[in-house]
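A short write-up of the structure that comes next.
Derivation of every value follows stated rules applied to the coordinates shown; laboratory data play no part. These numbers were taken from a predicted model, which means no experiment stands behind them. Here the Cβ is made from the backbone with ideal geometry for all residues, glycine too, and neighbour counts use every protein chain on show.
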Amino acid sequence: MRLLLGVVPVLFAFSIQAQMAHGGAPVGWGTPGGHGMAPPAVLLSPLDRAQLLAQDADSGAASFRYGVQRSVTANVVAQGQWTATDDDRRVCRLMIESPGAVMLSVQFTVFDLAPEARVYLYDRHRQRYLGGFTEQNERPDGTLATAVLPGDAVLIELVEPDSAHGPSQLEVGSITHGFRDVFDFGGQGLLRDYDPGFQSAPCNINVACPEAAGWEEQIRSVAMFLRPDGNGCTGSLVNSTAQPGQPYFYFANHCLVPATIGQWVFYFNYVSPGCVGTVGNTSQTVTGGVLRAAYYYDDFALLELLDDPPPAYGVFYAGWDRSGAVPQSSTMVHHPNYDVKKISLNDDPCTSYQDANGINLWRSEWDQGVTQAVSSGAPLFDQNKRVVGHMTEGTYSCTDPAQNWAGAAKFSASWDGASASTRLRDWLDPANSTVVLDGFDPLGTPPGALPVRLKVHLQGPYNSVSMNMNGTLRANGLVPLTEPYTALGYPHVGGGGGESCTQAVLNVTGAASVVDWVVLELRDKNDPGQVLATRSALLLRNGAVVGVDGSSDPTFQVAADDYYIAVRHRNHLGIMTQNPQPLGATAVLRDLTDGSVPLYGGASAAVNVNGIRLMPAGDATRNGQVKYAGTANDRDPVLTRIGGTVPTATASGYHPEDLNMDGTVKYSGGFNDRDVVLQAVGGTTPTGVRNAQLP
């Protein structure tokens, strides 16, 4: 509902990167006692929840608070408790408590992380977490605001590699104390000692109900945003002619508080999965953007998010109609009182009117559903499913249908204005030549080819003097033209397998010549055990991993996102990045040899030779384990390959038992492959075992 506060300047440059999590999990998440000792806490004074609710009872007022912002001064790095992990990381934890809250969010005034550092936030009972957040989440002014977590306490966890390049800086300036359980955390069993959450009027209709059939795309364009002052509204992504899918977000000017725009959190797909229900997904969030245009007397505002909502969100960019034609029927998708997404429908033509402030509006008399506070800014769609306005005012009653109406400020009235900062056309149609524009669905656009640029070294052929690998297999004509892993039984997924190169590629000599084939794996950023896509690629003597042309980066047909990156070889133990890595259209080198990118499992994941990390050799059985003695060891296959009886015999060829990769399998004598196994398990204790550090 509209709250008119006065004319404000409308072109601001408040901005922030998306709050999208970059994967991973808090240390020890999902394990008993994984968090260790209780961390130190910053304790705020209690707030009386009953009193706050009474002060903000739903009376149809323009604003409907879910919480209050409270000032906090907390230096996480200085005040937190530091511990070390067994995989070469260090962890700092600090708790912030605000008694009486049912949910909390955090506003960091300093958010400056070291490379590969990550921040997680979770509730005191370790039931739900946010993050990991990385240096990519830092906004230009060095801050970050988060979504809400259930309960009256939030734990902040900073995780850094031991080799962090420079200290992280992490300071809290305020928190939002939620006194209204708008996400029904209580109903989900995530709260202790609190009553269930607050829902909207019972005559509202969930978007999962049959009444919403046919509006699925438009529903995906709508999001709710929460401000740190404890208020929020609804709005929608809208399409543009110059660049379909540019993340413009259309909402009501009376919801605008420019000073905090960088701390707004937008919740996409907060919907109930069923027609009856008040609980939805609250994990798909984006934070902040740039205000492009707004005008008090049209009650509109247009924000541009600095990052596109990721493909996993499945958002839709709504079409629009700026003709001013009377909608013959109308539909509104909204979040009344912070509830899961609802739909309201009017079967009759809208009527046109002006309010006391001269704002031009469409009036819809609802035949199904209603609108309430926090529905403000929600898009009004016409019979062609295009935006023609947004929610500005109205009333509701579940018992008196005459009270169920809403006034939507006209989209057409906001098209023109005195300048780009007070009108829509410069942003949504710079040529000003389009009257009606259909929506845009990114789900219908196949993902582009994402390049992966890596540097790795194999221990078997590594030469510590030249600091390159030998290329004896290629020089002897033993490297096959087609990748060997499919034939060995490796289960390629996501389009990988069957890659072939040409003889011309294998004829190249020098440091950029081929050593052997390897396999690259992209793994789920939230589940490192799940392989999403694979590619066979060529490994060069200088450590570069390249495509089948011998020079370009290998590519994957996946959506731009964060992924754990793993590398496998047919007789070496595989390695993987300790953290998910962001992949986009532009390749960024991940050097897995020099320590700049931490490895999953820490120092035990690789062999260190003069500061260079090598993939451990010796896995002749390809079972992810190197053993010199006992059952299923890797020494016996070497003997078997040369005949099984004469230890001085040799076998030439492209064999997995050729652990030093010189083209000859040897059990005894100089440069034999048996010693490679012994060295891999420590060199002195034959009963030792070395395991690949892969989940």
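Whole angstrom only: what separates the Cα centroid of the range 92-170 from the Cα centroid of the range 628-680?
So the two Cα centres are separated by 50 Å.
Would the range 449-614 count as rounded, prolate or oblate if I go by the C-alpha gyration tensor, calling it rounded below 1.5 in a/c and otherwise prolate when a/b exceeds b/c, oblate otherwise?
Since a/c reaches 1.5 but b/c is at least a/b, the shape of the range 449-614 is classed as oblate.
Determine, from the Cβ-Cβ distance of Cys398 and Val435 and an R0 of 35 Å, the FRET efficiency 1/(1 + (r/R0)^6), rounded to the nearest 0.05.
Once the sixth-power term is evaluated, E becomes 0.35.
Output the relative contact order of the chain, whole-number percent, from Cα pairs under 8 angstrom with separation of 6+ residues. All intermediate terms of the calculation are to be shown ahead of the outcome.
Numbers: 1910 pairs, mean separation 77.9, N = 695.
Answer for the chain is 11 percent.
For the range 41-178, with the dipole built from +1 on Lys and Arg beta-carbon atoms and -1 on Asp and Glu ones, taken about the Cα centre, which of Leu47, Gly131, Ile175 lies farthest toward the positive end?
The Cα lying farthest towards the positive end belongs to Leu47.
With charges set only on the Cβ (+1 for Lys and Arg, -1 for Asp and Glu), what does the dipole of the chain come to about its Cα centre, in debye to the nearest 20? It would help to have the intermediate numbers written out before the result.
Numbers: 44 positive and 66 negative charges, 290 e Å.
I would put it at about 1400 debye.
How much net charge surrounds Pro349 when only the other residues with a Cβ under 13 Å from the Cβ of Pro349 are counted, with Lys and Arg +1 and Asp and Glu -1?
Summing Lys/Arg as +1 and Asp/Glu as -1 gives -4.
What is the distance in Å between the Cα centres of the range 258-330 and the range 459-514?
49 Å
Be a star and scan the range 628-645 for residues whose amide nitrogen sits under 16 Å from the point 7 Å along the Cα-to-Cβ vector of Leu488.
Under cut-off, by backbone N: 634-635, 637-638, 641.
Among Asn204, Leu306, Met95, whose Cα sits farthest toward the positive end of the charge dipole of the chain (+1 at Cβ of Lys/Arg, -1 at Cβ of Asp/Glu, about the Cα centre)?
It is Met95.
Ser168's amide H: which non-local residues (gap 5+, or another chain) put their own amide H closer than 5 Å, with H modeled 1.01 Å from N in plane and none for Pro or chain starts?
Answer set, sorted by chain and number: Ala114.
Apply the Karplus curve 6.51 cos²θ - 1.76 cosθ + 1.60, θ = phi - 60°, to the phi angles in the range 184-190 and return the couplings in whole Hz, x for Gly and Pro.
Values per residue, Gly and Pro as x: 6, 4, x, x, 8, x, 9 Hz.
Using the basic label-point model (7 angstrom from Cα toward the beta carbon), what is the Thr685 to Ala213 distance in nanometres?
6.8 nm
Ignoring everything except DSSP H segments at least 4 long, calculate the 222 nm mean residue ellipticity for the chain; use -39,500 (n - 2.57) per segment, divide by total residues, nearest 500.
Value at 222 nm, helices only, nearest 500: -1000 deg cm²/dmol.
For Ala632 and Asn281 in one chain, what is 0.36 nm times their gap in residues minus the Cα-Cα distance, to one decimal in nm?
Extra length from Ala632 to Asn281 when fully extended: 121.7 nm.
Would the range 625-691 count as rounded, prolate or oblate if I go by the C-alpha gyration tensor, calling it rounded below 1.5 in a/c and otherwise prolate when a/b exceeds b/c, oblate otherwise?
prolate
Considering the Cα trace of the chain, what is its radius of gyration and what is Dmax, both in angstroms?
29.7, 101
What list of ³J(HN,Hα) values in whole Hz, one per residue of the range 269-282 in order, does the Karplus curve 6.51 cos²θ - 1.76 cosθ + 1.60 (θ = phi - 60°) give from phi, with Gly and Pro shown as x?
Karplus values, whole Hz, x for Gly and Pro: 6, 7, 9, 7, x, x, 5, 10, x, 10, 10, x, 6, 10.
Give the shape of the range 210-444 as rounded, prolate or oblate, defined through the alpha-carbon gyration tensor: a ≥ b ≥ c are the square roots of its eigenvalues, a/c under 1.5 means rounded, and otherwise the shape is prolate if a/b is larger than b/c and oblate if not.
Since a/c stays below 1.5, the shape of the range 210-444 is classed as rounded.
List, in the order given, every pair from Lys627/Lys666; Lys342/Lys385; Lys342/Lys525; Lys385/Lys525 whose Cα-Cα distance in the structure shown is over 26 Å.
On the way: Lys627/Lys666 17 Å; Lys342/Lys385 16 Å; Lys342/Lys525 31 Å; Lys385/Lys525 36 Å.
Among Lys627/Lys666; Lys342/Lys385; Lys342/Lys525; Lys385/Lys525, the Cα-Cα distance tops 26 Å for Lys342/Lys525; Lys385/Lys525.
With θ taken as phi - 60° and the coefficients 6.51, -1.76 and 1.60, list the Karplus ³J(HN,Hα) couplings across the range 340-346 in order, rounded to whole Hz; mark glycine and proline as x.
Per-residue couplings from phi come out as 4, 4, 10, 9, 10, 10, 10 Hz.
Report the extension gain between Asn623 and Asn357 in nm, rounded to one decimal, defined as 0.36 nm multiplied by the number of residues separating them, less their alpha carbon distance. Intermediate values should be presented prior to the final figure.
Values: separation 266, 0.36 × 266 = 95.76 nm, distance 7.41 nm.
Gain on stretching Asn623 to Asn357: 88.3 nm.
If amide H atoms are built 1.01 Å from N in the plane of the peptide, which residues on other chains or at least 5 residues away come under 5 Å of the amide H of Arg292?
Answer set, sorted by chain and number: Leu302, Leu303, Glu304.
Label points 7 Å out from Cα along the Cβ direction at Ala504 and Thr640: separation in nm?
Distance between the two pseudo-spin positions: 4.1 nm.
Rounded to the nearest 5, what % of DSSP beta bridges with both residues in the chain are antiparallel?
95 percent
For a quick check: sort His335, His177 by the number of other beta carbons within 10 angstrom, fewest at the front.
Starting with the residue having the fewest Cβ neighbours, the order is His177, His335.
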